[in-house]
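Readers should treat all values here as calculations from the given coordinates under stated rules, not as data from a laboratory. In this text, all values refer to a predicted model and were calculated from it rather than measured experimentally. Heads up, the Cβs are rebuilt from the backbone with ideal geometry, glycines too, and the neighbour counts pull from every protein chain shown.
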Amino acid sequence: MRFFKENTPYLKSLTKRAAALTVMILITVGSVVTVAATTCNANINYNGAKKSVQLFSTDTGDILQAAGVKVGAKDLVVRSEAPASGGDINIVVKSAYDVKVSADSSVKTVTVHYGDTVADALEAAGVTPGSNDIVIPSRSTGVSNGMQIDVKRKYNITVTADGQTKTAVVPQGTVEEALKEAGVSLGNEDMVTPAKASAVAEGMKLTVARVTYKEVTAAQDIAYSNTNVNDSTLYKGTKKIKTAGQKGSQTVITRQKLVDGKLTDSSIVSTTVTAKPVNQVTLVGTKKKPSAIASVGADGTLVDHNGKNVDYRKVITGRCTAYTGGGSTSTGRAAAFGLVAVNPNVIPYGSKLYITSPDGRTVYGYATAADTGGGVMTGRIVADLYYPTSSQCKSFGVRNMRIYVL
């Protein structure tokens, strides 16, 4: 064994080496302690899958990168703890999903996240299903990227058909589909209000009017026509039927349209003539009438306005007036043209008369003495002539007339 003196050069050199080695060891240990103090633990929950990493950085992006998690712009990232507390860093990542919501004839695309349900997607789309509505998939189903959600509406409606009114709950669609759902069948020509192609809505009132047709057979008359033929043997203003007209007959089949049993339209299907009509032939006089009494014979005869010779017993000339108004005559007969008022002491009731003006221009014609009055009884007038209208009375006025007692 070698011993060295305390102050020898070799001993001094050895001492320096030992001191240097001690310093290096201290530096190395200090570095290890510093590294251990800055390392952090991070727990990541990515769409329900959990993993943990250790690293020197506390940055969220670095932690997710270290965990191999790629985050989209719409993804949800929640960090729950900072490293200053000395605990682990917890990060929850939920991926964003684009979901389509179809409701009320429109489609909306909304963004939801992992863990959300169909109910969350409906809320994001602003769609509130009613108690009768059908949601596919169900509201509690978890969402997935690209999911299609359909909301099938159901509506309360009222249907009136066949004399009855009932309520029904039907899915969205057309009026025609709603009626079928409500158990109401439609004929090809039934009338539906609103129109069958209209979209059904909450509280809608539907009306079905049944349209039916039937054929009706009926016998009808055929009117006859009239042909006028001039006849020179008849005076103007007179007519005579040469051939009497006769109605024909026909069988008519009509197709009737009924709406809820009420006739609304009809059209003729066929017409069959069973008897032809016989046209009427009427003779029309063209012979000119005499303008006045042709003459008054000295032998007590006259020629009337029709050119007929008439015998008379006496003639009375004097003022005559006219009256009207109906009622009964003094003899009990109903007042009418041809019944005149006289003084029965001069002209007895029931006498047959022919009355005309002295010049023959005004002809009252044949008459019967059937009434009386104050004027004739006082002698102011010789007769009061009845006319059907007041205008005829005014036209006649007061005239001198000849009364021939036949």
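If the chain linking residue 185 and residue 98 were pulled fully straight, counting 0.36 nm for each residue of separation and taking away their Cα-Cα distance, it would gain 27.1 nm. When the listed pairs 180/205; 51/100; 108/196; 154/180; 236/276 are checked against a 23 Å cut-off, the alpha-carbon distance exceeds it for 51/100; 108/196; 236/276. Take the Cα coordinates of region 77-174, assign each an equal point scatterer, and use the Debye formula without solvent to give log10 I(q)/I(0) at q = 0.11, 0.12, 0.15 Å⁻¹. Here log10 of I(q) over I(0) equals -0.49, -0.54, -0.69.
Tell me, what is the FRET efficiency for residue 284 and residue 395 to the nearest 0.05, using R0 = 35 angstrom and their Cβ-Cβ distance as r?
Numbers: r = 27 Å, r/R0 = 0.76.
Computed FRET efficiency for residue 284 and residue 395: 0.85.
Scattering from the C-alpha atoms of region 225-341 alone, worked out with Debye: what is log10 I(q)/I(0) at q = 0.11, 0.12, 0.19, 0.21 1/Å? Relative scattering, expressed as log10 I(q)/I(0), comes to -0.77, -0.83, -1.11, -1.14.
When every alpha-carbon pair in region 224-286 is counted, what percent end up more than 20 Å apart? It would help to have the intermediate numbers written out before the result.
Values: 1069 of 1953 pairs.
Of all Cα-Cα pairs in region 224-286, 55 percent lie more than 20 Å apart.
Binning all Cα-Cα separations of the chain at 10 Å, short to long from zero, yields these whole-percent fractions: 4, 11, 9, 8, 7, 7, 7, 7, 7, 6, 5, 5, 4, 4, 3, 2, 1, 1, 1, 1, 1, 0.
Taking amide H positions as modeled 1.01 Å from N, with prolines and chain starts lacking one, the residues under 5 Å from residue 89 and 5 or more places away or on another chain are 41, 42, 43. For region 262-406, what class follows from the C-alpha gyration tensor (a ≥ b ≥ c being the square roots of its eigenvalues): rounded when a/c is under 1.5, otherwise prolate if a/b is larger than b/c, else oblate? Taking the square roots of the gyration eigenvalues as a ≥ b ≥ c, region 262-406 is prolate. Per residue of the chain, the DSSP helices (runs of n ≥ 4 H) give a summed -39500 (n - 2.57) that works out to -4500 deg cm²/dmol at 222 nm. Listed peptides 52-60, 262-270 appear in the order 52-60, 262-270 once ranked by packing, highest mean of other Cβ atoms within 10 Å at the front. Amide hydrogen proximity for residue 173: with H placed 1.01 Å from N in the peptide plane, the residues at 5 or more positions away or on another chain lying under 5 Å are 200.
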